[in-house]
1. Would you mind telling me which numbered condition in (1) of a type outside the set (Phe, Trp, Tyr); (2) touching a Leu at 6+ places or on another chain (Cβ under 8 Å); (3) assigned to a helix (DSSP H, G or I) Thr15 fails?
2. Tell me which helices (runs of 4 or more DSSP H) are completely within segment 207-266 and hold 2 or more residues being touching a Pro at 6+ places or on another chain (Cβ under 9 Å) and open to solvent by 30 Å² or more (accessible area, probe 1.4 Å), or say none if there are none.
3. Among what's in segment 160-174 and is closer than 17 Å to Ile42 by Cβ and under 19 Å from the mean Cα position of the chain (by Cα), pick the residue that is most open to solvent (accessible area, probe 1.4 Å).
4. What's the number of the condition Trp195 fails, among (1) open to solvent by 30 Å² or more (accessible area, probe 1.4 Å); (2) within 24 Å of Trp39 (Cα to Cα); (3) not in a strand (DSSP E or B)?
5. With Ala68, Ala63, Ala54 as the choices, which residue is more than 26 Å from His265 (Cβ to Cβ), outside any helix (DSSP H, G or I) and touching a Phe, Trp or Tyr at 6+ places or on another chain (Cβ under 7 Å)?
6. Return a yes/no flag: does segment 32-40 have any residue that is closer than 20 Å to Ile7 by Cβ, of a type in the set (A, V, I, L, M, F, W, C) and open to solvent by 10 Å² or more (accessible area, probe 1.4 Å).
7. I need every pair where a residue in segment 211-237 that is among the acidic types (Asp, Glu) has its Cβ under 7 Å from the Cβ of a residue that is open to solvent by 30 Å² or more (accessible area, probe 1.4 Å), sequence separation at least 6 or different chains.
8. Quick one: in segment 122-173, of everything that is among the hydroxyl-bearing types (Ser, Thr, Tyr) and without any contact (Cβ under 8 Å) to a residue 60 or more places away in the chain, which residue is farthest from Thr211 (Cα to Cα)?
Amino acid sequence: MDAKTEIVELPSFTTEVAHAGSGPTLVLIQGLGTDHRAWNPIVEHLAPYVHCVAFDNRGVGKASPVGATTTIEDLADDAAALIESLGENAVHVAGVSLGGGIAMRVASRHPHLVKSLSLHSTAARPDPRLLAMLEFRGRLLEKGVAGDFLRSFVAMWAWSPEGMSLAALPEGSTEIDTLELEEYAQHLRVAQEQWMTDEELAKITAPTLITVGSEDILTTPRHAHDLYRGIRGSELVTVEDGGHAYYSENPGLFASLQLGWVLRHS
């Protein structure tokens, strides 16, 4: 895969951006504690047909720090500023997990920038189980045992039963050796505080694809149905036997779903 990376300085934040491929532009937004490299297996499938733009949210990779008062709306505005810097007007936008939460807010707050929207393994509103899981991750940080347990704990929630591996996570995801734990804690705070109202969801006018793994115990099929009911005209795809990180378990399938949606709306 022939990709080009660059450091981009925007008024709100600085980030590393990776470009690959040619065709309709698709901006890819990653999740909690995960940098843009986790998209690489997907980009390999998409780059022959799509111009993929992946970047680091604040707090991961080479991006600016999150900060103690940053909200998910701020992260969405960061993404909107990056899209505007591309000079292409509306583009296709996709997000996974927390990145899906960011993507839906880009579409709600900046509808003129979004040609189509894809929301993968994500939720508009965290339920008590999701909040408890995020709180437990925070406790691992507080107790100073993140190096021993955090990646394994994340993996238990990420994979389907068939794909379960406590040792494996996508490249760029929860990499303890390079991750700033205070920045990870701020990502956890942002995820816990986020809440998308019905009124905000109703402002999304871009054609919207929602996908969820049937075995996702983090952002569950119930969360996906909540999005489906809240976003007018959206389409919902359930990936049988897929876990929360089904995009990593089966990148070819994920890329096929994503490519079809982009081409359909280009």
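The values are calculated or read from the model by the stated rules, or taken from the named source; none is laboratory data. Predicted, not measured: the structure shown is a model, and the values here were computed from it. Neighbour counts run over all protein chains shown; Cβ positions are idealised from the backbone, glycine included. Keep in mind that these areas ignore ligands, DNA and RNA; they rest on the heavy atoms of the full protein, side chains included. Shrake-Rupley method; radii C 1.70, N 1.55, O 1.52, S 1.80 Å.
1. Every condition holds for Thr15 apart from (3).
2. Where helices (runs of 4 or more DSSP H) fall fully within segment 207-266 and carry at least 2 residues being touching a Pro at 6+ places or on another chain (Cβ under 9 Å) and open to solvent by 30 Å² or more (accessible area, probe 1.4 Å), they are 251-264.
3. The qualifying residue most open to solvent (accessible area, probe 1.4 Å) is Glu171.
4. (2)
5. Details: Ala68 fails: touching a Phe, Trp or Tyr at 6+ places or on another chain (Cβ under 7 Å); Ala54 fails: more than 26 Å from His265 (Cβ to Cβ).
Only one candidate qualifies: Ala63.
6. Scanning segment 32-40 turns up no residue that is closer than 20 Å to Ile7 by Cβ, of a type in the set (A, V, I, L, M, F, W, C) and open to solvent by 10 Å² or more (accessible area, probe 1.4 Å).
7. Sorted first by the residue in segment 211-237, then by its partner, the pairs are Glu215/Pro161; Glu215/Asp241; Asp226/Arg125.
8. The initial filter retains those residues of segment 122-173 that are among the hydroxyl-bearing types (Ser, Thr, Tyr), namely 122, 152, 160, 165, 173.
Cutting the leftovers down to without any contact (Cβ under 8 Å) to a residue 60 or more places away in the chain gives us 152, 165.
Working: Ser152: 25, Ser165: 22 Å.
Applying the filter and picking the extreme gives Ser152.
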